[in-house]
1. Among the lysines in the chain, how many pairs, 8 or more places apart or on different chains, have alpha carbons under 22 Å apart?
2. Suppose we flag trypsin sites (Lys or Arg not before Pro) only when DSSP calls them loop and at most 14 other Cβ atoms lie within 10 Å. Which is the longest uninterrupted stretch of the chain?
3. Full-extension gain between ASP27 and HIS2, please, as 0.36 nm times their residue separation minus the C-alpha to C-alpha distance.
4. Would you calculate the convex hull of the Cα atoms in the chain and tell me its volume per residue in Å³?
5. To the nearest 0.05, how large is the calculated FRET efficiency for ILE46 and GLN14 if R₀ is 25 Å and r is the Cβ-Cβ distance?
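Read the figures in this text as sums done on the coordinates, not as results from a lab. Please read all numbers here as calculations on a predicted model, not as lab measurements. Positions of Cβ are backbone-derived with ideal geometry, glycine not excepted, and every protein chain shown enters the neighbour counts.
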Amino acid sequence: MHGTIWVYDQLKAQGKVTEDEYEMVIDELIEAVKTGKCRLPMTELIKRKRV
């Protein structure tokens, strides 16, 4: 079974989204978790942030 984060990881890995698009989605997912709009593992989202 795969989830939301995996789907975006695959899109990035296959070049279907750019690094900037991926970063934007991760930021939006982090914000959604913070505001209670969705439940995803914050630690996994933070791992995917660009340094």
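1. On the way: LYS12/LYS47; LYS12/LYS49; LYS16/LYS47; LYS16/LYS49; LYS34/LYS47; LYS34/LYS49; LYS37/LYS47; LYS37/LYS49.
The number of close lysine pairs in the chain is 8.
2. It runs 17-36.
3. Numbers: separation 25, 0.36 × 25 = 9.00 nm, distance 2.01 nm.
Value of the extension gain: 7.0 nm.
4. Convex hull volume per residue, Cα atoms: 79 Å³.
5. Working: r = 23 Å, r/R0 = 0.92.
About 0.60, to the nearest 0.05.
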